[in-house]
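J.: Dropping a structure here in structure tokens format, bear with me for questions.
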């Protein structure tokens with residue numbers, strides 16, 4: 001059960017502390033505005049507010065009631081992340097709340113302003129140049145924001161991508177795990193630019209991307225050499241683009257960082273003087289760290305963050321985590337925080353990229369109506385020992401990587417160290433993968449009993465929700481997770497029409513033993529893979545005992561449902577529609593039953609119905625309704641309908657028009673004409689999909705309602 005954090009009625013023991021960008025850390029923080037003589041007022045930094053609370057709690061015999069920290073509007077440029085430990089916790093009766101002051105909009109920023117812009121000329125275009133502040137420390141920042149808008153790192157090509165022509169003759173091709181440190185390019189796609197060594201090629205390959213610093217370019221042989229190896233062996237046709245070469249700083253809204261002169265060049269939008277604007281570069285990798293110690297039984301508990309924006313962070317392989325050396329825990333923290341300049345990427349889900357808001361040993365805490373935006377990493381990460389927390393009615397957008405990570409890659413046996421029982425609900429998680437395209441909007445690792453409900457997730461190059469981190473049938477902790485009432489769309493491609501660059505993704509992706517996990521009442525659509533694998537629901541790598549029911553899946557490139565391999569899963573009472581190439585796919589045959597496919601509607605107008613390996617029919621199909629719009633023979637892999645039924649499959653199913661309301665326009669409601677044709681499908685209500693209106697007074701027991709009784713959607 002989730003804990004609802006509320007301050008309750010006022011009492012003498014309650015304490016309010018005020019923070020303002022125009023405050024003073026020498027003041028008491030007990031006043032929202034400076035007093036007349038300017039001798040007291042709000043403090044200037046969140047860290048000072050934290051320290052005042054610590055001092056209060058340390059007084060002998062002091063037992064404070066609820067504490068509320070109010071942040072006045074404006075940007076707080078942090079020199080190091082705001083860190084809270086177990087001593088900064090609240091209690092169930094006296095919670096600690098950090099929130100925006102009424103009707104104001106505070107931002108905790110991990111960046112710093114770039115100022116002192118001077119006019120110059122670059123490549124024949126009017127431009128501006130400014131010194132990078134020495135305090136930045138990490139000169140090669142890869143992101144810049146102007147008045148709240150992400151700028152483009154000087155890019156070639158300007159739109160779309162280039163294609164790898166192939167590997168050079170000298171490149172080993174014996175294993176795709178070996179990676180590549182060179183490739184051949186076509187025509188004049190790449191030239192020996194004078195600043196090529198400042199640039200990187202970002203290459204999308206399979207389901208991962210590699211960030212490859214350019215070492216040299218051989219125009220005669222059309223081969224480009226890199227200072228790192230790619231994550232996997234590159235293939236002809238892989239998409240790539242080049243960033244941060246001075247010769248390609250040519251359009252308004254682009255910038256280029258010169259690592260030798262330690263300056264940044266910018267072509268501003270027409271008529272804009274950056275000295276009169278707010279130009280912010282990232283400086284910190286994180287803005288908030290909640291540092292419990294679950295192994296020692298110390299937790300950060302009963303803390304709420306409400307209506308606060310967190311922005312302007314960036315993590316990269318060679319970053320020094322500026323400002324975080326003060327944390328003694330950091331050196332022994334998670335392996336992925338340690339800079340590794342030899343890496344070019346991660347094998348899946350950009351897993352090593354940390355969250356801008358990060359926690360370990362966090363329990364019964366809440367993030368409500370907050371915004372995480374304009375960042376260069378994952379938004380929020382609940383790592384080891386994070387239990388029964390809620391992220392609710394938040395907006396996560398303009399993300400360098402993904403939205404939320406829950407759990408770890410490791411399985412923890414002590415209960416204190418396990419991550420479980422967390423909720424992500426009513427959030428908007430959009431526009432991710434701007435720096436790490438292979439990220440996931442919501443990632444659940446070795447973590448159980450979490451709920452992902454009523455969210456709007458879209459605009460990611462890879463997967464919407466990924467659950468599990470066990471390949472095959474080995475031990476897994478990712479069990480009893482619930483994914484319900486989510487609207488997940490434009491996965492593998494962007495909402496603005498940009499085409500796919502990766503393969504092997506889905507709205508929901510699972511692997512390993514998923515005992516008790518359920519995917520239900522979701523709306524999934526517009527999924528696109530580049531070479532293969534744009535699926536709606538994807539049971540990968542030993543997915544076992546998971547249930548997918550009452551989901552609507554449509555407009556996919558490679559199918560509404562795919563099971564690579566797994567055991568005894570159930571796919572029932574779903575609607576699959578308008579797969580471009582395939583509708584249903586199974587890849588690997590095993591001796592056990594792969595899955596049960598029952599009571600579904602499958603509607604399509606192109607592509608095949610069934611694909612993959614069906615030489616053995618160790619699956620159960622029955623009470624389904626199939627309908628192809630237009631002409632063409634309907635086959636079940638290499639079998640006709642009669643041969644399929646003769647083999648014992650779909651004995652009570654129908655080949656009949658389901659008479660849905662207007663499916664081509666996205667209205668899949670059943671009609672009175674449907675009653676006579678459906679073989680077993682029970683109508684369900686998908687009008688409740690997506691975020692609900694924010695109402696802090698509604699407790700979590702009311703938020704996570706029982707699934708509605710099946711009915712018609714009119």
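J.: Looking only at the stretch 93-102, which residues are buried (at least 16 other Cβ atoms within 10 Å of the Cβ) and outside any strand (DSSP E or B)? Step through it out loud before you land on a result.
T.: Quick first cut of the stretch 93-102, residues buried (at least 16 other Cβ atoms within 10 Å of the Cβ) only: 94-101.
Answer for the stretch 93-102, where residues must be buried (at least 16 other Cβ atoms within 10 Å of the Cβ) and outside any strand (DSSP E or B): 94, 95, 101.
J.: Also, I was wondering about something else. Tell me which residues, restricted to the stretch 275-286, are surrounded by fewer than 22 Cβ atoms within 10 Å (Cβ to Cβ) and in contact (Cβ under 8 Å) with a residue 40 or more places away in the chain. Show your work before the answer.
T.: Let us first name the residues in the stretch 275-286 that are surrounded by fewer than 22 Cβ atoms within 10 Å (Cβ to Cβ), namely 275-278.
Of everything in the stretch 275-286, those that are surrounded by fewer than 22 Cβ atoms within 10 Å (Cβ to Cβ) and in contact (Cβ under 8 Å) with a residue 40 or more places away in the chain turn out to be 275, 277, 278.
J.: Same structure, new question: Looking at the stretch 340-445, what strands (runs of 3 or more DSSP E) fall wholly within it and have at least 1 residues that are touching a helix residue (DSSP H, G or I) at 6+ places or on another chain (Cβ under 8 Å) and more than 23 Å from residue 689 (Cβ to Cβ)? Steps first, answer last, please.
T.: Working: elements: 355-360, 366-368, 371-375, 378-382, 390-392, 395-399, 404-406, 423-425, 428-430, 442-444.
Result: 355-360.
J.: Any residue in the stretch 202-219 that is part of a loop (DSSP other than H, G, I, E, B), over 30 Å from residue 533 (Cβ atoms), in contact (Cβ under 8 Å) with a residue 24 or more places away in the chain and not assigned by TED's automatic domain parsing to the domain that holds residue 133? Break it down stepwise before answering.
T.: Taking the stretch 202-219 first, the residues part of a loop (DSSP other than H, G, I, E, B) are 206-207, 219.
Next cut, over 30 Å from residue 533 (Cβ atoms) only: 219.
If we keep only those that are in contact (Cβ under 8 Å) with a residue 24 or more places away in the chain as well, we get 219.
So of that shortlist, the ones also not assigned by TED's automatic domain parsing to the domain that holds residue 133 come out as 219.
Within the stretch 202-219, one or more residues are part of a loop (DSSP other than H, G, I, E, B), over 30 Å from residue 533 (Cβ atoms), in contact (Cβ under 8 Å) with a residue 24 or more places away in the chain and not assigned by TED's automatic domain parsing to the domain that holds residue 133.
J.: Filter the stretch 1-36 down to residues that are within 33 Å of the chain's Cα centre (by Cα) and at pLDDT below 95 and give me whichever is farthest from residue 95 (Cα to Cα).
T.: We begin by selecting, within the stretch 1-36, every residue within 33 Å of the chain's Cα centre (by Cα); these are 1-7, 18-21.
Next, only the ones that are at pLDDT below 95 stay: 1-7.
Numbers: 1: 17, 2: 14, 3: 11, 4: 10, 5: 7, 6: 7, 7: 7 Å.
Out of the qualifying residues, it is 1.
J.: Quick check on the stretch 629-647: of everything there that is in contact with a strand residue (DSSP E or B) (Cβ under 8 Å, 6 or more places away or on another chain) and assigned to a loop (DSSP other than H, G, I, E, B), which residue is farthest from residue 662 (Cα to Cα)?
T.: That would be 647.
J.: If I ask for residues that are crowded, with 16+ Cβ neighbours inside 10 Å and assigned to a helix (DSSP H, G or I), which ones from the stretch 32-74 would you list?
T.: Answer for the stretch 32-74, where residues must be crowded, with 16+ Cβ neighbours inside 10 Å and assigned to a helix (DSSP H, G or I): 46, 47, 48, 49, 50, 52, 53.
J.: Taking the conditions exactly as written (touching a helix residue (DSSP H, G or I) at 6+ places or on another chain (Cβ under 8 Å) and assigned to a strand (DSSP E or B)), does residue 603 satisfy them or not?
T.: Values: touching a helix residue (DSSP H, G or I) at 6+ places or on another chain (Cβ under 8 Å): yes; assigned to a strand (DSSP E or B): yes.
Considered against the rule, which asks whether it is touching a helix residue (DSSP H, G or I) at 6+ places or on another chain (Cβ under 8 Å) and assigned to a strand (DSSP E or B), residue 603 comes out as yes.
J.: Which of the residues spanning the stretch 103-148 are free of Cβ contacts under 8 Å to residues at least 60 places away in the same chain and assigned to a strand (DSSP E or B)?
T.: Across the stretch 103-148, the qualifying residues are 118, 119, 121.
The values are calculated or read from the model by the stated rules, or taken from the named source; none is laboratory data. Note that this is a predicted model, so its numbers are computed, not measured. A quick note on method: Cβ atoms are made from the backbone with ideal geometry, for glycine too, and the neighbour counts reach across all protein chains shown.
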